[in-house]
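Q: Would you mind keeping the following structure in view while I ask a few things?
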Amino acid sequence: MISFQDKAFAKNVSDKKIQKIVNGMTLDEKIGQLYMSPSSGDANKMTNDIKKYNLGGIVLFGEDFSNQNIDSMKQKDVKFQDASKYGLFIATDQEGGDCL
């Protein structure tokens, strides 16, 4: 399920297709999918880490939102997703603060 600006998109993927994807993964890819890494605040480094370690997700913090507007944040999220071979969970650590 993907939620974006009050719209939710669900990709209907069968168990058979999921099993085929998992069976085609290397051990490193399977292990990487288990990890949700905190962002370093450097978008280029995070993009490289997503690819290098096959990360399953990342957590964005305040510095990731600094000097950003809605469009630039969308572009950053798309860049992160494009770096992931299998799709990426993207979470934020808000602690009551404003996102943008």
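The values are calculated or read from the model by the stated rules, or taken from the named source; none is laboratory data. Remember, predicted model here, so these are calculated numbers, not experimental data. So basically every Cβ, Gly included, is an ideal-geometry build from the backbone, and we count neighbours across all protein chains shown. For the accessible areas, the whole protein counts, side chains as well, though only heavy atoms, and no ligand, DNA or RNA atoms are used. Shrake-Rupley method; radii C 1.70, N 1.55, O 1.52, S 1.80 Å.
Q: Any residue that is at pLDDT 85 or above, out of contact with any Asp or Glu (no Cβ under 7 Å at 6 or more places or on another chain) and outside any helix (DSSP H, G or I) - is there at least one of those in region 1-13?
A: Within region 1-13, the first condition is being at pLDDT 85 or above, and the residues that meet it are none.
No: zero hits.
Q: On to the next question. Out of the strands (runs of 3 or more DSSP E) lying entirely within region 20-100, which hold 2 or more residues that are out of contact with any Leu (no Cβ under 8 Å at 6 or more places or on another chain) and open to solvent by 70 Å² or more (accessible area, probe 1.4 Å)? Walk me through it before giving the result.
A: Numbers: elements: 36-38, 57-60, 89-92.
In region 20-100, there are no strands (runs of 3 or more DSSP E) which contain 2 or more residues that are out of contact with any Leu (no Cβ under 8 Å at 6 or more places or on another chain) and open to solvent by 70 Å² or more (accessible area, probe 1.4 Å).
Q: Being of a type outside the set (Phe, Trp, Tyr), in contact with a strand residue (DSSP E or B) (Cβ under 8 Å, 6 or more places away or on another chain) and at pLDDT 95 or above, is that true of even one residue in region 22-37?
A: So the first thing to find is which residues in region 22-37 are of a type outside the set (Phe, Trp, Tyr), and the list is 22-34, 36-37.
Right, trim to in contact with a strand residue (DSSP E or B) (Cβ under 8 Å, 6 or more places away or on another chain) and you get 36-37.
From what is left, the residues that are at pLDDT 95 or above are 36-37.
Yes - at least one qualifying residue is present in region 22-37.
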